[in-house]
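What follows draws every value from the coordinates through simple rules; no lab data is involved. All figures in this text were calculated on a predicted structure; none of them were measured in a lab. Glycine also receives a Cβ, built like all others from the backbone with ideal geometry; neighbour counts cover every protein chain displayed.
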Amino acid sequence: PPSKADAFEVKEEMLSRFRQQDSAAALELLRKDWKSEPANQRNELLEYMDVFGMNYYGTPKAYIEKLTSEGIDVILDIDVNGARNVKKQRPEAVSIFILPPSMQALHSRLVGRGTETPEAVEKRFGKAKEEISHANEYDYIVVNDSLDTAIADVASIIRAERLRSKKNDTVEELLKEE
């Protein structure tokens with residue numbers, strides 16, 4: 001696993017792979033027992049969501065704890081409610097809200113995907129507006145006007161958070177030296 005000193009890079013391929021692995025693990029867990037003994041009731045999920053009783057999403061707590069104990073920074077792509085649940089369970093978690101440069105740009109991006117009906121686009125746009133109204137609840141806000149700049153901004157936040165004195169054991173290590 002990468003150390004905290006390793007350079008930080010974000011690539012869509014890496015994010016996609018993480019989402020697929022995380023989603024597969026969460027889906028397996030959720031499908032298996034959502035109705036009988038929900039994983040969320042057993043406190044196995046860091047956050048979860050039931051979308052219209054058809055799609056279940058969640059982040060297995062054990063998986064995240066394993067990664068963070070190895071010094072790996074974890075990025076979750078979750079909604080506002082999920083972020084609130086994560087903060088309740090892990091107050092030290094750092095939250096970053098990714099904003100579009102404008103509402104017009106957001107709408108254009110949703111339409112430009114070409115993957116959804118106009119009704120679905122409007123539904124997503126309305127949900128996005130609701131989510132954006134809670135952006136100030138987050139620790140940081142990054143405007144995604146340029147993907148490269150947004151990635152650099154997120155990387156800067158991660159670097160800065162690693163250097164926070166409460167998260168940095170450099171002083172203790174230095175004092176142990178003789």
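In the structure shown, do any of LYS87/LYS127; LYS88/LYS176; LYS87/LYS176; LYS66/LYS87; LYS61/LYS176; LYS88/LYS129 have a Cα-Cα gap over 29 Å, and if so which?
Working: LYS87/LYS127 21 Å; LYS88/LYS176 34 Å; LYS87/LYS176 33 Å; LYS66/LYS87 18 Å; LYS61/LYS176 33 Å; LYS88/LYS129 24 Å.
As for pairs spanning more than 29 Å Cα to Cα, those are LYS88/LYS176; LYS87/LYS176; LYS61/LYS176.
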By the mean-Cβ-within-10 Å protection proxy, highest first, 136-149, 81-94, 108-121 rank as 81-94, 136-149, 108-121
Additional length obtainable on full extension of the chain from ASP169 to MET103, 0.36 nm per residue less Cα span: 19.5 nm
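Under a point-charge model restricted to the Cβ atoms of Lys and Arg (+1) and Asp and Glu (-1), what is the dipole moment magnitude of the range 138-178 relative to its Cα centre, in debye to the nearest 20? Walk me through the intermediate numbers first.
Working: 6 positive and 10 negative charges, 23 e Å.
So the dipole magnitude of the range 138-178 works out to roughly 100 debye.
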Any residue on another chain or 5+ positions along whose placed amide H is under 5 Å from the amide H of VAL143 is listed here as LEU99
